[in-house]
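The values are calculated or read from the model by the stated rules, or taken from the named source; none is laboratory data. Fair warning: this is a prediction, and the values are worked out from it, not measured in the lab. Heads up, the Cβs are rebuilt from the backbone with ideal geometry, glycines too, and the neighbour counts pull from every protein chain shown.
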Amino acid sequence: MNILVGTAGAPISSQQRTTFSGIKRVKELGLDAMEVEFTHGVRMGKETARELGEHRSKYGIALSVHGPYYINLNSKEAKKIKDSEERIIASAERAALFGGNKVVFHPGFYSGKNEQEAMTMFHRELDSLVQEVEQKRLNVHLAPETMGKPSQFGSLEELVTLCQQLPELRLTFDFAHIFAREQGKADFHKSFAYIEDCLGKAFLKDMHMHFSGIEFGPKGERRHLVIDDPGNKLKLEQITEVLKAFDVEGTLICESPNIEEDALKMKKLLE
């Protein structure tokens, strides 16, 4: 089992909270990966992205991208869909320049449509985006994320279906989001068995995953918590047990408020 563990953005203990400083600090901490956060917009120029690629290579850290939060591929407004498409492609272009392998993003909402209508729309949009990534020869995979609220498109079943239909697509398995979406009753062994059954063992050798503590209510996810928060019911052992049971490989990014502390705890448990 080979899982790279890292942080969502620069570690809190970085000398500067920049991507460049963050990569250096990730290496110093003994972690393996970092997710570059474009959460409020793609504000990195292409030349900076190329320089970041050289910096990443120097320290041997694996990078991925989290696209902007302002994405909804199923909006009722055509302009918002177009803007979402552009943000995803801009994220993919930067990732390709600095050697990132996955582009994570929140796909969007049901926007008043039923599940099948929404699925049709997301399939159309993601098919178009995957084709554009291929046409531009960007060596990255788009990886929509499992979401923590039932109002958000992004159940595991929905994303697995899209991955079956679009072979170049990947998914981001967010343990905390699934735990919240299923009201703390998530069966991760069942989830990974489902992925393996639908997408094959090879898919489990290139997984992109997120974890954190989580607070949730009747409507799903409320906020991320540190793992040791008394209100958090999702334990690291629930995650490590299933990863070992299915011999999963890939990258596991910590999104806890104390990102490096929980990432280091996870790395130790996986060793």
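Test each condition in (1) within 17 Å of residue 207 (Cβ to Cβ); (2) over 17 Å from the mean Cα position of the chain (by Cα) for residue 15 and report the one that comes out false.
(1)
Within the range 92-136, take every residue that is touching a residue at least 24 places away in the same chain (Cβ under 8 Å) and of a type in the set (Lys, Arg) and give me the one that is nearest to residue 78 (Cα to Cα). I'd like the intermediate steps shown before the answer.
Narrowing the range 92-136 to residues touching a residue at least 24 places away in the same chain (Cβ under 8 Å): 92-113, 115, 118-119, 121-123, 125-130, 132-134, 136.
Those still in the list that are of a type in the set (Lys, Arg) too: 94, 102, 113, 136.
Details: 94: 25, 102: 26, 113: 15, 136: 23 Å.
Looking at the filtered set, the residue picked out is 113.
Can you go through 219, 185, 201, 190 and tell me which one is closer than 16 Å to residue 154 by Cα and either free of Cβ contacts under 8 Å to residues at least 60 places away in the same chain or not aliphatic (A, V, I, L, M) (or both)?
Of 219, 185, 201, 190, the one residue that is closer than 16 Å to residue 154 by Cα and either free of Cβ contacts under 8 Å to residues at least 60 places away in the same chain or not aliphatic (A, V, I, L, M) (or both) is 219.
Exactly one condition in (1) closer than 17 Å to residue 145 by Cα; (2) free of Cβ contacts under 8 Å to residues at least 40 places away in the same chain; (3) buried (at least 17 other Cβ atoms within 10 Å of the Cβ) is not met by residue 253; state its number.
With (1) closer than 17 Å to residue 145 by Cα; (2) free of Cβ contacts under 8 Å to residues at least 40 places away in the same chain; (3) buried (at least 17 other Cβ atoms within 10 Å of the Cβ) applied to residue 253, the lone miss is (2).
Within the range 24-53, can you find the residues that are in a helix (DSSP H, G or I), of a type in the set (A, V, I, L, M) and more than 23 Å from residue 243 (Cβ to Cβ)?
Selection gives 49, 52.
Among the listed residues 151, 191, 155, which satisfies the condition of being of a type outside the set (A, V, I, L, M) and in contact with a Leu (Cβ under 8 Å, 6 or more places away or on another chain)?
From the options 151, 191, 155, the qualifying one is 191.
Go over the candidates 57, 75, 64, 21 one by one and state the one that is touching a strand residue (DSSP E or B) at 6+ places or on another chain (Cβ under 9 Å) and not in a loop (DSSP other than H, G, I, E, B).
So the residue among 57, 75, 64, 21 that is touching a strand residue (DSSP E or B) at 6+ places or on another chain (Cβ under 9 Å) and not in a loop (DSSP other than H, G, I, E, B) is 64.
Is at least one residue of the range 70-78 loosely packed, with under 15 Cβ neighbours inside 10 Å and hydrophobic (A, V, I, L, M, F, W, C)?
The answer is yes, given that some residue of the range 70-78 is loosely packed, with under 15 Cβ neighbours inside 10 Å and hydrophobic (A, V, I, L, M, F, W, C).
It is to be established whether one or more residues within the range 103-113 are within 14 Å of residue 19 (Cβ to Cβ), of a type in the set (Gly, Ala, Ser) and in contact with a strand residue (DSSP E or B) (Cβ under 6 Å, 6 or more places away or on another chain).
No; the residues of the range 103-113 include none that is within 14 Å of residue 19 (Cβ to Cβ), of a type in the set (Gly, Ala, Ser) and in contact with a strand residue (DSSP E or B) (Cβ under 6 Å, 6 or more places away or on another chain).
Given the condition more than 16 Å from residue 7 (Cα to Cα) and polar (S, T, N, Q), answer yes or no: does some residue in the range 253-266 qualify?
No, there is no match, as no residue in the range 253-266 is more than 16 Å from residue 7 (Cα to Cα) and polar (S, T, N, Q).
What tally of residues in the range 148-157 results from selecting those that are in a helix (DSSP H, G or I) and either among the basic types (Lys, Arg) or buried (at least 20 other Cβ atoms within 10 Å of the Cβ) (or both)?
1
Give the residues of the range 102-124 that are buried (at least 20 other Cβ atoms within 10 Å of the Cβ) and assigned to a loop (DSSP other than H, G, I, E, B), sorted by residue number.
106, 107 - these are the residues of the range 102-124 that are buried (at least 20 other Cβ atoms within 10 Å of the Cβ) and assigned to a loop (DSSP other than H, G, I, E, B).
Is it true that some residue in the range 57-66 is under 19 Å from residue 125 (Cα atoms) and modelled with pLDDT under 95?
no
Yes or no: residue 95 closer than 27 Å to residue 264 by Cα and part of a helix (DSSP H, G or I)?
Considered against the rule, which asks whether it is closer than 27 Å to residue 264 by Cα and part of a helix (DSSP H, G or I), residue 95 comes out as yes.
Condition test on residue 137, is it assigned to a helix (DSSP H, G or I), more than 22 Å from residue 191 (Cβ to Cβ), of a type outside the set (A, V, I, L, M, F, W, C) and modelled with pLDDT of 95 or more?
Here the answer is no, as residue 137 does not meet what is asked.
Take the residues of the range 170-194 that are under 15 Å from residue 106 (Cβ atoms) and not basic (Lys, Arg): which is surrounded by the fewest Cβ atoms within 10 Å (Cβ to Cβ)?
Selected residue: 178.
Step by step: first the residues of the range 196-213, then only those that are over 16 Å from the mean Cα position of the chain (by Cα) and not basic (Lys, Arg), then the one that is surrounded by the fewest Cβ atoms within 10 Å (Cβ to Cβ). Which residue is that? Even if it seems obvious, please write down each step before you answer.
Applying the first criterion (over 16 Å from the mean Cα position of the chain (by Cα)) to the range 196-213 yields 196-202.
Still in the list and also not basic (Lys, Arg): 196-200, 202.
Working: 196: 15, 197: 10, 198: 14, 199: 16, 200: 10, 202: 8.
Restricting to residues being over 16 Å from the mean Cα position of the chain (by Cα) and not basic (Lys, Arg), the top hit is 202.
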